[in-house]
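Here is the structure we will look at.
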Amino acid sequence: MTSNVLPEMPEYNMRIPVSEKLFRRAQTLIPGGVNSPVRAFKGVGGTPVFVAAAEGAIFQDMDEHQYVDFVGSWGPMILGHANPRVIEAIKNTAEMGTSFGAPTDRETYLADLLITKHKDWGVEKIRLVNSGTEATMSAIRLARGYTGKKRIIKFDGCYHGHGDSLLVAAGSGAATAGIPGSAGVPEELAALTTIVPFNDLDAVKAVFEKFDDIACIITEPICGNMGLIKPNDGFLEGLRELCTNNGALLIFDEVMTGLRVHKNSAMGLYNIKPDLACFGKVVGGGMPLAVYGGRQEVMDHLAPLGPVYQAGTLSGNPVATAAGCATLEQLNDDVYKKVTEISATLETELTRLAKKHNQEMVCHHVGGMFGLFFADKLPQNFDEVKATNTDKFSRFFHGMLEEGVYLPPSAFEAWFTSTAHEELHMDITLKAADKVLARV
Ligand code: KE4
């Protein structure tokens, strides 16, 4: 059989899943066969599922298997896949042109929608970009340009995209200079990033005692990139006070938590005013759109008004902006009630099933984010997450996948719920978990 898609394959008497064939071909043309590393299933082993289509809480792979999806494109799909109003907005807008490189009123409308939801926490102006990475990279450049200082503080296990200053690992100990977290990141740049453990306010205080060149602290206010880790009482308030007292900016990276954990994001949930905030995922409705914003006095340091440069050919893209607006317009109180109820059901029922099967497992949720660890207590920081039973998570992941439930392919990720998760999907998920927890 010849095909222009697949390389010549020897005839087998058993069927090779299409995803496996496609993965083999993809690997000949794309590094690792994926356009973002986590999709390659390296964290859990096995062959990634190639998606054909998705709707609501379900996606279908290229072998026509269907799955209840708790990844939701890593957060954007709070209204479920292929939300009708979002799709209609994309179609209608695309027919009028896909990109102009000139301002459109829809960008101002999105800004108005987003600022209205966050102005009580200091978000007065925003800038649209194309990814969370661009948002955080730009926010720390703005913090450095505004303060005239160079050092940034980030927390071990928090992920802020692949900007050089943020791909940094902890140095020899807390309150020291960072070391490159990726090849290609210059040591000189990494040395300007100091990494401390999340939830360790004393370690942050020690950094401020040691360095006087701190431009900002950047943090996920609720961590979603080492599983779900909540801030301890007083931690975020402590960061706010340290930044205020030391002339540093507090940056909330709400790319994942924004408009997911609460209608006013984590800043509204915890009633903390960051100086800058980054949004992504939900705000773009699944299209390439992210945002950074904050106090007008800081934001007006950006070109063309001020000396800090940031630009983008497709920033504020009309089609992406239309998807974002169609999403934001639907985010009412019922959405947060629903996604929180789904997360709470996962927590209650999976806890019950873990006890039934004598599995050491803990889980928790915040709004539409859920986290699960095979451990005896909820981890407080990255070191504690790394000590959880990640091998058991991998077995759990594959067991659930076989039962038609698609979880994040890594123990170091959060799950995402949506308004499209209905009782049927929860029944499938909990029946699957009952079977899998009995044997992992
Ligand atoms: P992007 O550049 O991937 O759009 O956003 C980077 C980013 C920034 N900040 C936070 C808090 C984030 O969670 C992310 C991206 N999240 C990951 C999921 N853990 C995206 C998945 C991926 O890398 O493929």
So the angle from the long Cα axis of helix 84-94 to the longest Cα principal axis of the chain, reported in degrees to the nearest 10, equals 70 degrees
Give the Debye-formula value of log10 I(q)/I(0) at each listed q (0.08, 0.11, 0.14 Å⁻¹), with one equal scatterer per alpha carbon of the range 84-328, two decimals each.
-0.29, -0.54, -0.87
Roughly what % of DSSP beta bridges within the chain run antiparallel, to the nearest 5?
60 percent
√(5λ) per eigenvalue of the Cα gyration tensor, the range 174-256, largest first, Å:
20, 18, 11
Which residues in the range 395-418 place their backbone N less than 12 Å from a point set 7 Å from the Cα of residue 63 along the Cα-to-Cβ direction?
401-404
Karplus couplings for the range 411-424 from phi (6.51 cos²θ - 1.76 cosθ + 1.60, θ = phi - 60°), rounded to Hz, Gly and Pro as x?
6, 9, 9, 9, 9, 10, 9, 9, 6, 8, 6, 9, 4, 4
Between residue 87 and residue 309, what's the calculated FRET efficiency when r is the beta-carbon distance and R0 is 45 Å? Round to 0.05.
0.80
Hey, can you grab everything whose amide H is under 5 Å from the amide H of residue 290? Only 5+ residues off in sequence or another chain; H modelled, so Pro and N-termini drop out.
129, 130, 131
Largest-first ellipsoid semi-axes for the range 141-221, taking √(5λ) over the Cα gyration tensor eigenvalues, angstrom:
17, 15, 12
Using θ = phi - 60° and the Karplus relation 6.51 cos²θ - 1.76 cosθ + 1.60, list the HN-Hα couplings for the range 221-232 in order, rounded to whole Hz, with x at every Gly or Pro.
x, 10, 6, x, 10, 9, x, 8, 10, 8, x, 5
Note the full-extension length gain between residue 150 and residue 423 as 0.36 nm times their separation in residues minus their Cα-Cα distance, in nm to one decimal.
93.2 nm
Could you estimate the translational diffusion coefficient of the range 294-335 from the Stokes-Einstein equation, with Rh from the Kirkwood formula over C-alpha pairs, at 25 °C and 0.890 mPa s, in whole µm²/s?
192 µm²/s
Within the range 84-328, percent of DSSP bridges classed antiparallel, to nearest 5
45 percent
Any lysines with Cα under 19 Å of the residue 150 Cα? List them, leaving off those in the same chain fewer than 8 positions away.
205, 210
Run the reach check for residue 337 against lysines, Cα to Cα strictly under 16 Å, same-chain hits fewer than 8 apart removed. What comes back?
263
Between residue 212 and residue 351, how many nm apart are label points set 7 Å from Cα along the C-beta direction?
4.9 nm
For the chain, with only Lys/Arg (+1) and Asp/Glu (-1) charged at the beta-carbon, what is the dipole magnitude about the Cα centre, in debye rounded to 20?
300 debye
Working out 0.36 nm times the residue gap between residue 20 and residue 119, then minus their Cα-Cα distance, what length gain in nm do you get to one decimal?
30.9 nm
Residue 159: accessible area at probe 1.4 Å, nearest 10 Å²?
110 Å²
Quick one: if you stick a label point 7 Å off each Cα along the C-beta vector at residue 52 and residue 344, how many nm between them?
3.8 nm
Reported to the nearest 10 Å², residue 255 has, with a 1.4 Å probe, an accessible area equal to 20 Å²
Per residue convex hull volume, Cα atoms of the range 193-336, in Å³
134 Å³
Please give me the summed charge of the neighbours of residue 377: other residues whose Cβ is under 12 Å from its Cβ, Lys and Arg +1, Asp and Glu -1.
-3
Reduced to Cα centres, the span from the range 327-404 to the range 211-282 in Å works out to 22 Å
Gain upon complete extension [residue 94, residue 233; 0.36 nm per residue less C-alpha separation]
45.4 nm
Give me the 1.4 Å probe accessible area per residue for the chain, excluding ligands and nucleic acids, in Å².
43 Å²
Using the Cα centre of the range 84-328 as the reference point, and only Cβ charges (+1 on K/R, -1 on D/E), how large is the resulting charge dipole? Debye, rounded to the nearest 20.
360 debye
Carbon and sulfur atoms: what percent of the 1.4 Å accessible area of the range 84-328 do they account for?
53 percent
Rounded if a/c is under 1.5, else prolate if a/b beats b/c, else oblate: with a ≥ b ≥ c from the C-alpha gyration tensor eigenvalues square-rooted, which is the range 20-159?
oblate
Treating the Cα atoms of the chain as identical point scatterers in vacuum, please give the log10 of the normalised Debye intensity I(q)/I(0) at q = 0.07, 0.08, 0.10, 0.14 Å⁻¹, two decimals.
-0.35, -0.46, -0.73, -1.39
Which of 94, 139, 322 moves the most in a Gaussian network model of the chain with Cα springs under 10 Å?
94
Using each residue's phi in the range 327-341, evaluate 6.51 cos²θ - 1.76 cosθ + 1.60 at θ = phi - 60° and report the 3J(HN,Hα) Karplus result to the nearest Hz, with x for Gly and Pro.
6, 4, 5, 8, 7, 9, 4, 4, 4, 6, 4, 5, 5, 5, 4
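The values are calculated or read from the model by the stated rules, or taken from the named source; none is laboratory data. Everything numeric here is computed off the predicted structure, so don't read it as measured data. Positions of Cβ are generated from backbone atoms using ideal geometry, with glycine treated the same way; all protein chains shown enter the neighbour counts. For the accessible areas, the whole protein counts, side chains as well, though only heavy atoms, and no ligand, DNA or RNA atoms are used. Shrake-Rupley method; radii C 1.70, N 1.55, O 1.52, S 1.80 Å.
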